[in-house]
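Reviewing the structure listed below.
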Amino acid sequence: MNRKKRDILKPTRILFLIVLLAANTFAWFIYATKVDNHISVHVKAWNVVFEAGENQVTNNINLTVDDLYPGMEDYSYEIKAYNRGEVSATLSYKILSARILNEEYITVDGRAELNQQAQAGDLTSQQLENKLLNDYPFSIAMAISNTYMQLGNGEESFTFDVTWPYESQNDELDTTWGINAAEYKEDHPQSSSISIQVKLIITQNAN
């Protein structure tokens, strides 16, 4: 009687074992596929560093010049950008705001950075850059060495230069701004004569 019972139950057990084995095999296949996919995916490293001299800096820069006068020594400031990742990049910049003595400007980009609504008369970054370069007896110039940054250890630079020759070929402007600069420094001895906020921008290229 017991043997017959075992004979009757045996096919059921075999069927159960087959179902259990199939389920375990399917689960193992899904797990193995997920693990294999995880291992095979490679995310390219993204690593750009900004340095001024021996110090690492952020991409938001406050450029300042303490004294401003005709015949001043040329002022130059440089920031190096290093692309140490596995993806090439594009380097650019935009001016957010500028103060030249008592004259203050905030650009459209600067308003956007501060989540403020643009106002009538706000300049774009490029318009303000042109003004700083051309509308004063002194010259305030910004430039980048190359917009393209190669991957690996690509190196480019952002430069900021201020020059005011003793004679800028416009005696009237030299005199007016020379007096303004002297008066500003007398009234604000702890303040910089020029203060410009610039943001360096790195965009990852689609390689």
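General observations
- Some residue of the range 113-125 being touching an Asp or Glu at 6+ places or on another chain (Cβ under 8 Å), closer than 15 Å to ASN60 by Cα and surrounded by 13 or more Cβ atoms within 10 Å (Cβ to Cβ): yes
- Qualifying residue in the range 61-84 (condition: in a loop (DSSP other than H, G, I, E, B) and of a type in the set (Val, Ile, Thr)): no
- ALA27 meets the conditions (1) small (Gly, Ala, Ser); (2) within 18 Å of the chain's Cα centre (by Cα); (3) at pLDDT below 90 in every case but one. The failed one is (2).
- Qualifying positions in the range 151-186 - surrounded by 14 or more Cβ atoms within 10 Å (Cβ to Cβ) and in a loop (DSSP other than H, G, I, E, B): LEU151, TRP164, PRO165, SER168
- Test: ARG99 is basic (Lys, Arg) and touching a Phe, Trp or Tyr at 6+ places or on another chain (Cβ under 9 Å): yes
- Among residues of the range 112-134 being within 17 Å of the chain's Cα centre (by Cα) and not in a loop (DSSP other than H, G, I, E, B), the one that is farthest from ASN153 (Cα to Cα) is ALA112.
- Failed criterion for ILE140 (all others in (1) part of a loop (DSSP other than H, G, I, E, B); (2) in contact (Cβ under 8 Å) with a residue 24 or more places away in the chain; (3) not basic (Lys, Arg) hold): (1)
- Checked against the criterion of being on the phi < 0 side of the Ramachandran plot and free of Cβ contacts under 8 Å to residues at least 60 places away in the same chain, the range 149-163 has no qualifying residue.
- Verdict on TYR105 being in contact with a helix residue (DSSP H, G or I) (Cβ under 6 Å, 6 or more places away or on another chain) and either modelled with pLDDT under 85 or in a strand (DSSP E or B) (or both): yes
- For PRO189, the conditions (1) surrounded by 15 or more Cβ atoms within 10 Å (Cβ to Cβ); (2) over 15 Å from the mean Cα position of the chain (by Cα); (3) over 15 Å from TYR75 (Cβ atoms) are fulfilled apart from (1).
- Taking each residue of the range 88-104 that is assigned by TED's automatic domain parsing to the domain that holds GLN127 and within 10 Å of TYR184 (Cβ to Cβ) and looking for partners that are buried (at least 19 other Cβ atoms within 10 Å of the Cβ) and among the aliphatic types (A, V, I, L, M) with beta-carbon atoms closer than 9 Å, six or more apart or interchain, yields ILE100/LEU68; ILE100/LEU132; ILE100/ILE140; ILE100/ILE194; ILE100/ILE196; LEU101/LEU68; LEU101/ALA181; LEU101/ILE194.
The values are calculated or read from the model by the stated rules, or taken from the named source; none is laboratory data. Being a predicted model, the structure only gives us computed values, none of them experimental. Every residue, glycine as well, gets a Cβ built from its backbone with ideal geometry; the counts of neighbours run over all protein chains shown.
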